[in-house]
There are 2 protein chains.
Amino acid sequence: MTDLPMIDAQRLWDAHMALAEVGRIPGDGVCRLAASVEDKAGRDLFARWCREAGLVVRVDRIGNMFARRAGKDESLPPVLIGSHLDSQPTGGRFDGAFGVLAGLEIVRTLDAAGIATTAPIELVNWTNEEGCRFQPSSLGAEVAAGHIALADGLAAKDENGIRLGDALEAIGYLGTADVALKARAYLEGHIEQGPILEEKGEAIGIVGGSMGVNAYSVILIGREDHTGTTPVQRRKDALFGAARCIAEVRALALDFEPNGRATVARILAEPNARSVVASKVTFTVDCRHQGEDELNVMTGRLREIIERISHECGLSFTMEPYWVVPPRSFDATCVAALRSAAAALNLTSRPMVSGAGHDAIPIAAVVPTAMVFVPSRDGVSHHVSEYTTPEQLAAGCNVLFRAALELAVIADPVAADDAATR
Amino acid sequence: MTDLPMIDAQRLWDAHMALAEVGRIPGDGVCRLAASVEDKAGRDLFARWCREAGLVVRVDRIGNMFARRAGKDESLPPVLIGSHLDSQPTGGRFDGAFGVLAGLEIVRTLDAAGIATTAPIELVNWTNEEGCRFQPSSLGAEVAAGHIALADGLAAKDENGIRLGDALEAIGYLGTADVALKARAYLEGHIEQGPILEEKGEAIGIVGGSMGVNAYSVILIGREDHTGTTPVQRRKDALFGAARCIAEVRALALDFEPNGRATVARILAEPNARSVVASKVTFTVDCRHQGEDELNVMTGRLREIIERISHECGLSFTMEPYWVVPPRSFDATCVAALRSAAAALNLTSRPMVSGAGHDAIPIAAVVPTAMVFVPSRDGVSHHVSEYTTPEQLAAGCNVLFRAALELAVIADPVAADDAATR
């Protein structure tokens with residue numbers, strides 16, 4: 001496949017910029033909350049582009065969009081390529097969009113070169129990946145993977161009490177296609193959302209799996225006291241206890257880097273009055289690791305930290321999980337296809353494990369899956385300033401293109417070579 | 001004055017219990033927010049009791065109530081005795097009430113014993129001590145002391161935009177008496193609101209002054225990052241920085257105990273999302289000390305802590321004062337009168353410095369002032385479970401009674417002795 005064409009970097013960039021006009025907000029950002037009118041406009045634009053490319057678009061019963069390019073053997077399950085078009089409220093132009101538009105660019109490149117694949121290729125836009133309007137995140141992919149029942153997914157409500165099913169119907173994207181997923185492979189391109197590739201000066205992250213998450217809500221209970229009248233050693237100060245926990249969680253994180261993470265990002269103190277010692281503090285601890293055993297060790301150490309500090313500060317505590325996801329390994333064949341593609345293109349790459357959630361993670365449970373990361377400037381995402389250069393996007397798209405072709409031609413390289421050279 | 005009568009402990013307790021029915025809330029607490037209908041009912045009851053005792057009640061233009069018992073020499077300024085009848089939203093039965101009702105009990109005891117004083121005695125109920133409906137706290141006393149202009153005090157608004165002046169008028173307590181204060185002495189009894197007297201097993205705190213307060217709002221600014229994708233050492237985590245500051249403020253407090261306090265009681269993190277590293281954390285640091293020099297040293301060390309930790313964590317910071325009060329010394333003669341009274345009554349006592357705010361603190365700037373503390377069970381105040389025993393209240397009231405009499409007879413002990421024995 002060494003004579004394969006390259007994708008059109010300018011066309012790929014132009015598609016990003018055109019999509020970024022949909023739900024545009026100040027500072028080059030976008031707001032396309034799932035199943036909103038902006039999401040509808042983004043979906044409509046994507047559907048129009050797909051139909052212009054001759055693809056057959058269908059929408060399933062949770063609003064996931066599929067756009068199919070026929071294969072030479074239509075009895076084969078397709079190679080899926082995609083991501084999501086919804087965004088955070090003040091999101092950027094590349095998170096999600098890249099994976100979907102890379103798929104579109106791959107189809108356009110195949111068409112321009114007149115390449116037929118043995119297996120069909122399907123582009124996919126998963127519903128509600130961001131999880132900021134409806135929970136949980138990756139809802140469409142979770143339903144497609146069979147982890148969440150369709151009825152439960154449709155019943156998810158936003159903060160105004162609007163059901164996802166009703167919101168999808170209102171924008172014309174409550175489809176009729178079955179949600180059952182049958183695919184030969186799933187490839188997803190995504191911005192890294194972290195600083196590693198940029199820091200290392202590497203073009204491509206070959207994502208071999210995802211970190212597991214054990215995330216807890218911790219509550220420390222102390223006692224209200226007057227800040228002016230109660231000596232410090234007589235207090236049961238829940239905020240002091242929380243501060244010690246936060247400092248130790250940082251030390252825990254450092255012990256498990258680079259393959260793990262631990263973070264306290266959310267805190268609420270009560271009564272949160274300037275002259276009353278805090279009697280109750282709630283905070284979250286988000287532990288992640290790519291190894292299941294290590295994740296369990298982290299969690300055990302976290303519990304020891306909370307117990308010890310609570311005891312030393314005269315506090316009681318509770319520690320309840322709010323999010324538990326096991327580590328997942330992606331498919332070795334898909335990962336190898338991506339790695340070979342990067343090598344063939346002379347692109348620098350590194351094996352990575354995703355610390356963030358992606359549609360690929362639930363899908364990996366039912367379809368052979370792998371992901372490509374491209375660099376994020378300053379590691380920033382979920383922000384209007386999110387940026388990846390046209391060249392970096394093109395590099396990621398070329399890797400996806402070659403891997404998709406390898407996975408879709410199915411031991412029939414001659415057909416692809418024929419197509420590429422005719 | 002060794003033959004002076006004792007106050008009536010049961011009558012004092014009964015007055016507390018009767019007043020506690022006004023604005024009563026579950027759990028034996030009270031809610032009498034300043035200038036509310038409950039405050040009016042409390043004021044009405046107090047005024048009725050005063051008139052029944054033959055006192056002349058007047059209300060000044062900021063709603064402070066004065067109830068005067070004539071002296072033999074009406075040209076002399078009065079000895080003031082009082083505190084406040086307003087409460088926290090879920091306050092207790094003794095905070096403020098004790099100081100006012102102790103004054104009433106002193107008058108009743110004088111009347112029952114037929115004792116005349118040379119100088120007049122005036123009971124006082126200061127407006128809006130708690131500061132929870134209108135800011136600042138001790139507003140009525142601050143206006144009386146000339147620290148806040150009358151017009152500014154009347155213009156203070158509650159969270160619904162209601163002016164204090166309008167609220168006082170609505171309950172019939174926007175008086176016409178001049179706010180200028182002229183008094184020979186001011187004595188205030190109060191619950192300790194801390195654990196010291198109970199812990200030491202002592203009956204009386206002789207309060208010789210008040211701690212100064214240097215209280216700051218600190219803002220740490222870092223950067224949002226994804227908790228799953230950004231290695232800990234690459235982050236600018238404002239919550240981690242705040243946690244380190246809170247831990248060091250605790251160590252600072254321990255260095256300055258028992259004469260100082262330092263507390264972080266309020267914290268707000270942004271965006272306060274579970275998977276986004278906190279980019280901004282605002283917290284308060286409340287430093288108090290009875291010595292002005294020590295308070296300045298504390299404040300300097302606090303600034304060093306914030307600067308150093310911000311630097312080490314890659315954060316920027318601001319540190320703005322929101323409350324600055326110098327330490328105040330109460331009047332030596334008044335303090336000596338209280339100390340002598342406690343000794344004459346064979347009550348255990350200790351010199352104390354108030355760490356909390358009280359009406360006596362602004363008044364001390366313009367009138368010779370001292371305070372008596374009585375024990376708080378478990379150090380608790382501003383809570384429905386606040387409690388002081390009838391015997392403890394009586395002990396404090398007896399000390400105030402004797403000291404008031406000493407201050408009000410003015411180098412004419414014979415007159416008092418005559419009165420006491422006739």
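Before moving on, here are some points about what is shown:
- Those residues of the stretch B:357-384 which are surrounded by fewer than 24 Cβ atoms within 10 Å (Cβ to Cβ) and hydrophobic (A, V, I, L, M, F, W, C), in sequence order: B:Ala365, B:Val366, B:Val367, B:Val380, B:Val384
- Looking across the stretch B:186-215 at every residue that is within 12 Å of chain A (Cβ to nearest Cβ) and touching a Phe, Trp or Tyr at 6+ places or on another chain (Cβ under 7 Å), the one that is surrounded by the most Cβ atoms within 10 Å (Cβ to Cβ) is identified as B:Ile191.
Okay, residues lined up against (1) farther than 22 Å from A:Phe283 by Cα; (2) touching a strand residue (DSSP E or B) at 6+ places or on another chain (Cβ under 9 Å); (3) free of Cβ contacts under 8 Å to residues at least 12 places away in the same chain:
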{"residue": "B:Gly222", "(1), (2), (3)": "no, yes, no"}
{"residue": "B:Gln233", "(1), (2), (3)": "no, no, yes"}
{"residue": "B:Lys236", "(1), (2), (3)": "no, yes, no"}
{"residue": "B:Arg250", "(1), (2), (3)": "no, yes, no"}
{"residue": "B:Glu257", "(1), (2), (3)": "yes, no, yes"}
{"residue": "B:Gly300", "(1), (2), (3)": "yes, no, yes"}
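- Qualifying residue in the stretch A:28-36 (condition: surrounded by fewer than 16 Cβ atoms within 10 Å (Cβ to Cβ), touching a strand residue (DSSP E or B) at 6+ places or on another chain (Cβ under 6 Å) and closer than 26 Å to A:Ala156 by Cα): no
- Within the stretch B:345-364, at least one residue is over 30 Å from A:Glu224 (Cα atoms), out of contact with any helix residue (DSSP H, G or I) (no Cβ under 7 Å at 6 or more places or on another chain), modelled with pLDDT of 95 or more and part of a loop (DSSP other than H, G, I, E, B).
- Matching residues in the stretch B:245-265 - criterion: being surrounded by fewer than 21 Cβ atoms within 10 Å (Cβ to Cβ) and within 23 Å of A:Tyr216 (Cα to Cα): B:Ala247
- Of all residues in the stretch B:103-112, those that are among the small types (Gly, Ala, Ser) and either under 15 Å from B:Arg43 (Cα atoms) or in a loop (DSSP other than H, G, I, E, B) (or both) total 1.
- Scan of the stretch A:324-356 for residues that are surrounded by fewer than 20 Cβ atoms within 10 Å (Cβ to Cβ), touching a Lys or Arg at 6+ places or on another chain (Cβ under 9 Å) and either without any contact (Cβ under 8 Å) to a residue 60 or more places away in the chain or within 30 Å of B:Ala247 (Cβ to Cβ) (or both), ordered by number: A:Leu345
- Test: residue in the stretch B:53-75 that is of a type in the set (Asp, Glu) and closer than 26 Å to B:Ser137 by Cα: yes
- Count - residues of the stretch B:276-286 that are without any contact (Cβ under 8 Å) to a residue 60 or more places away in the chain and either surrounded by fewer than 24 Cβ atoms within 10 Å (Cβ to Cβ) or more than 7 Å from chain A (Cβ to nearest Cβ) (or both): 2
- Checking A:Gly54 against (1) of a type in the set (Gly, Ala, Ser); (2) part of a loop (DSSP other than H, G, I, E, B); (3) surrounded by 15 or more Cβ atoms within 10 Å (Cβ to Cβ), the condition it does not meet: (3)
- Subset of the stretch B:368-422 that is within 14 Å of chain A (Cβ to nearest Cβ) and part of a helix (DSSP H, G or I) - its residue that is modelled with the highest pLDDT: B:Arg377
- Flag for B:Val264 being more than 7 Å from chain A (Cβ to nearest Cβ) and over 28 Å from B:Thr369 (Cβ atoms): no
- Taking every residue in the stretch A:69-86 that is more than 24 Å from A:Glu130 (Cα to Cα) and assigned to a strand (DSSP E or B) and pairing it with any residue that is modelled with pLDDT of 95 or more and β-branched (Val, Ile, Thr), at least 6 positions away or on another chain, the pairs with Cβ-Cβ distances below 8 Å are A:Arg69/A:Val107; A:Arg69/A:Thr117; A:Arg69/A:Ile121.
The values are calculated or read from the model by the stated rules, or taken from the named source; none is laboratory data. This structure is a prediction, so every number in the text was calculated from the model and none was measured. Reconstructed Cβ throughout: ideal geometry from the backbone, glycine too, with neighbour counts over all protein chains shown.
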